[in-house]
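What follows is a set of notes on a single structure, which appears directly below.
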Amino acid sequence: VHNEQALAARAVLDVLRGTTLADALGSSAPSDPRQGRAFVQELAYGTLRHFGTLRAIARDLAARPFTDPALEALVAVALYQLDHGRSPAFAVVDRAVDAASLVARPAAKRMVNAMLRRYLRERDAVRAHAMRDPVARYSHPRWWIDRVRRDWPDRWQRILAAGNSRPPLTLRANVRVTERDALVARLTADGIAASAIGATGVIVEPPRPVTSLPGFAEGAFAVQDAGAQLAAPLVDAGDGMRVLDACAAPGGKTTHLAELADCAIVALDRDVARLSRVRDNVERLRHSGRDIAIVVGDAADPDAWWDRRAFDRILVDAPCTASGIVRRRPDAKWLRRLADVETAVAEQVRILDSLWPLVARGGKLVYATCSVFVAENEAQAEAFAGRHHDALRETLTFAPEIDAIGGQLLPSAEGGGQNQDGFFYARFRKA
Ligand SMILES: C[S@@+](CC[C@H](N)C(=O)[O-])C[C@H]1O[C@@H](n2cnc3c(N)ncnc32)[C@H](O)[C@@H]1O
């Protein structure tokens, strides 16, 4: 039986038990009907995006505490539909009642019916009561709310709201094949709403499967957030330079580097499976003929892979908590733990300190994360400069429409300003 709510509830439950949403959907979504799959995906993403709120409401509606987490997940999915979906309320409730016997015991049907009907009758009061809890109000884990509040006392609510917004589909025009405005014109001619953002970006709204967009097969564009599109230009690579992309997979920035200069690139990553996606992207974007070496290795152990020739430029797109891209990965906020921040910081230190000796004199290293936590960003950059007296920090300036504080790009809420994820950039020149 295909019941989209039941499938979405199972995926949500898998995430709460530690699986990424992509993996959870891979194993639970119906593989056949494309429409059904997209709907399950939309329900699971949306439910996780608002899960702090939905779970609090579900718990308020339950006469007794939930003993079955699958049932709690199902009620959250149905509440998501009632608050954010387009299906009529009676249809949502009927489907949820059917789903109840698929994910839980048959007796759960009556309970789900009663809870959802009560919600429809008393929505405002129930919401007002639930929202007294910050986890419900901001729909992020408590430690995450506290951290953003401490790090960004003037901006924390906007940052959290941005994390709960729906991201657009953002493309990067491959300037070896086309350019931004030509890509906008081509999409528009096909009846697809598209608009320019930044030097190479194109926003497609509403999002749709990229493989169906004109130009995909011929490599006219990559999929990349507008904030991420700032990384490769900051590397400032020129023709003939040797460039290391130290955490390269799946190759979003490697391919961008290849589009901006005729340089020799080493694309390194320690994850073999993800490296194969670098190869795929290099091929699809028509960069196979360029000087790009795809290398598996630990960035913090150069002895194992480095040929002893210094690099003119190094990009460290470091592993991080991904707290800046949570609108695209709403599962991440429920998967992460506070201790993960310190783990990420330690790994970033290990990589930065191991790679700095590989930079040629006068060469540059760009440090990037997709996080909004200061410990991974400004504090990390300052500590790095403190440890390496030959590392001269360069001031980065962004276009005026870009919402940035120092090297921190702030994630944009729906419809606001430059529509970007949260990123951090710092650049160091070797004296
Ligand atoms: C933020 S992602 C990189 C995204 C990529 N630069 C892009 O634009 O498509 C971080 C990558 O770092 C890799 N990584 C993590 N620790 C590493 C290490 N010690 N050495 C090399 N790669 C590492 C991960 O496998 C992951 O692919």
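Quick look at the numbers
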{"item": "Any chance LEU335 is near the ligand (Cβ under 10 Å from one of its atoms), more than 28 Å from LEU396 (Cα to Cα) and within 20 Å of the chain's Cα centre (by Cα)", "result": "no"}
{"item": "Any chance THR255 is in contact with a His (Cβ under 7 Å, 6 or more places away or on another chain) and assigned to a helix (DSSP H, G or I)", "result": "yes"}
{"item": "The lone exception for THR67 - which of (1) without any contact (Cβ under 8 Å) to a residue 40 or more places away in the chain; (2) among the polar types (S, T, N, Q); (3) in contact with a helix residue (DSSP H, G or I) (Cβ under 8 Å, 6 or more places away or on another chain) it fails", "result": "(3)"}
{"item": "Residue check for ALA78: part of a helix (DSSP H, G or I), open to solvent by less than 20 Å² (accessible area, probe 1.4 Å), more than 19 Å from SER165 (Cβ to Cβ) and modelled with pLDDT of 95 or more", "result": "yes"}
{"item": "Options SER195, SER165, SER212; residue that is open to solvent by less than 20 Å² (accessible area, probe 1.4 Å) and of a type in the set (Ser, Thr, Tyr)", "result": "SER165"}
{"item": "Failed condition for ALA182, given (1) within 28 Å of ASP331 (Cβ to Cβ); (2) out of contact with any Leu (no Cβ under 7 Å at 6 or more places or on another chain)", "result": "(1)"}
{"item": "Every residue from the stretch 260-309 that is touching a residue at least 60 places away in the same chain (Cβ under 8 Å) and open to solvent by less than 10 Å² (accessible area, probe 1.4 Å)", "result": "LEU285, HIS287"}
{"item": "Residue within the stretch 126-146 that is more than 27 Å from LEU74 (Cα to Cα) and either touching a helix residue (DSSP H, G or I) at 6+ places or on another chain (Cβ under 7 Å) or in a helix (DSSP H, G or I) (or both) present", "result": "yes"}
{"item": "Some residue of the stretch 370-377 being surrounded by fewer than 20 Cβ atoms within 10 Å (Cβ to Cβ), in contact (Cβ under 8 Å) with a residue 12 or more places away in the chain and either of a type outside the set (A, V, I, L, M, F, W, C) or assigned to a strand (DSSP E or B) (or both)", "result": "no"}
{"item": "Selected residue (criterion: most open to solvent (accessible area, probe 1.4 Å)) from residues of the stretch 52-69 that are modelled with pLDDT under 95 and among the small types (Gly, Ala, Ser)", "result": "ALA63"}
{"item": "Among (1) farther than 28 Å from PHE373 by Cβ; (2) within 16 Å of the ligand (Cβ to nearest atom), the one test that VAL184 misses", "result": "(2)"}
{"item": "Number of the exception - ALA344 against (1) touching a residue at least 24 places away in the same chain (Cβ under 8 Å); (2) assigned to a helix (DSSP H, G or I); (3) within 14 Å of the ligand (Cβ to nearest atom); (4) within 21 Å of VAL243 (Cβ to Cβ)", "result": "(4)"}
{"item": "Any chance ALA304 is under 16 Å from ILE351 (Cβ atoms), small (Gly, Ala, Ser) and within 14 Å of the ligand (Cβ to nearest atom)", "result": "yes"}
{"item": "Filtered residues of the stretch 237-254 (kept if among the acidic types (Asp, Glu) and surrounded by fewer than 24 Cβ atoms within 10 Å (Cβ to Cβ))", "result": "ASP239"}
{"item": "Members of the stretch 121-140 found to be open to solvent by 20 Å² or more (accessible area, probe 1.4 Å) and under 33 Å from the mean Cα position of the chain (by Cα), listed by number", "result": "ARG123, ASP124, ARG127, ALA128, HIS129, MET131, ARG132, ASP133, PRO134, VAL135, ARG137, TYR138"}
{"item": "Matching entry among ALA399, ALA339 (being in a helix (DSSP H, G or I) and open to solvent by 30 Å² or more (accessible area, probe 1.4 Å))", "result": "ALA339"}
{"item": "Odd one out for PHE216, checked against (1) of a type in the set (Phe, Trp, Tyr); (2) part of a loop (DSSP other than H, G, I, E, B); (3) under 19 Å from the mean Cα position of the chain (by Cα)", "result": "(3)"}
{"item": "Residue check for VAL359: touching a residue at least 60 places away in the same chain (Cβ under 8 Å), surrounded by 20 or more Cβ atoms within 10 Å (Cβ to Cβ) and closer than 30 Å to LEU25 by Cα", "result": "no"}
{"item": "Positions within the stretch 369-427 being modelled with pLDDT of 95 or more, within 22 Å of LEU171 (Cβ to Cβ) and hydroxyl-bearing (Ser, Thr, Tyr), in sequence order", "result": "TYR425"}
{"item": "Odd one out for LEU257 among (1) more than 27 Å from PRO411 (Cα to Cα); (2) buried (at least 24 other Cβ atoms within 10 Å of the Cβ); (3) more than 8 Å from the ligand (Cβ to nearest atom)", "result": "(1)"}
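The values are calculated or read from the model by the stated rules, or taken from the named source; none is laboratory data. Keep in mind that this is a model prediction, so the values were computed, not measured. Quick reminder, even Gly has a Cβ in these numbers, built from the backbone with ideal geometry, and neighbours come from all protein chains shown. In case anyone asks, the SASA skips ligands and DNA or RNA and just uses the protein heavy atoms, side chains included. Shrake-Rupley method; radii C 1.70, N 1.55, O 1.52, S 1.80 Å.
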